[in-house]
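The next block holds one structure in the form of structure tokens; read it before the comments.
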């Protein structure tokens with residue numbers, strides 16, 4: 001399992017005091033308030049920053065990081081990703097999973113037929129959709145509902161699904 005988890009992407013600066021405008025990769029954007037520090041992944045490195053202040057604007061998080069004190073310093077980090085240690089991740093409810101843990105899982109039907117690997121996850125509001133692709137490039141879209149998803153084993157990277165009529 002990955003030890004660092006992406007929780008957002010810096011998409012722009014905000015104001016002139018060094019705030020970063022972040023698109024969060026989390027259902028609860030207030031979860032940033034529980035963090036004391038964060039990693040910023042640049043092209044060549046991973047830098048640790050202490051979080052000084054958090055604001056919100058619509059569905060975006062505005063972060064002020066220690067050492068980034070003006071718009072020029074903030075601009076350098078545009079399009080970089082924010083990461084945290086797995087130990088700092090929120091505890092998920094039962095039958096909920098981090099997308100990073102689902103990507104790459106091999107999906108099998110309940111009749112033992114391999115469908116492929118999860119390559120992406122889309123959120124529709126009502127439920128997530130798992131994009132499963134086989135070695136020939138054929139995709140199957142699976143709704144993340146109890147009627148379809150029967151078993152998820154993150155440790156062994158295996159998922160068992162029941163294909164209801166109309167999915168394939």
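Among the listed residues 16, 68, which satisfies the condition of being farther than 30 Å from residue 124 by Cβ, touching a residue at least 24 places away in the same chain (Cβ under 8 Å) and loosely packed, with under 13 Cβ neighbours inside 10 Å?
The match here is 16.
Can you name the number of the only condition in (1) part of a loop (DSSP other than H, G, I, E, B); (2) at pLDDT 95 or above that residue 27 fails?
(2)
Check off (1) surrounded by 13 or more Cβ atoms within 10 Å (Cβ to Cβ); (2) out of contact with any strand residue (DSSP E or B) (no Cβ under 9 Å at 6 or more places or on another chain); (3) more than 24 Å from residue 8 (Cβ to Cβ) for residue 165 and give me the number that stays unchecked.
If we test residue 165 against (1) surrounded by 13 or more Cβ atoms within 10 Å (Cβ to Cβ); (2) out of contact with any strand residue (DSSP E or B) (no Cβ under 9 Å at 6 or more places or on another chain); (3) more than 24 Å from residue 8 (Cβ to Cβ), just (1) comes out false.
Inside region 35-89, can you point out the residues that are part of a helix (DSSP H, G or I), touching a strand residue (DSSP E or B) at 6+ places or on another chain (Cβ under 7 Å) and farther than 12 Å from residue 14 by Cβ?
86
Any idea which residue in region 123-138 is modelled with the lowest pLDDT, counting only those that are surrounded by 11 or more Cβ atoms within 10 Å (Cβ to Cβ) and under 21 Å from the mean Cα position of the chain (by Cα)?
So the residue we want is 123.
Does region 98-107 contain at least one residue that is free of Cβ contacts under 8 Å to residues at least 12 places away in the same chain and not assigned by TED's automatic domain parsing to the domain that holds residue 28?
No: zero hits.
The values are calculated or read from the model by the stated rules, or taken from the named source; none is laboratory data. A quick note: this is a predicted structure, and the numbers were derived from the prediction, not measured. Neighbour counts run over all protein chains shown; Cβ positions are idealised from the backbone, glycine included.
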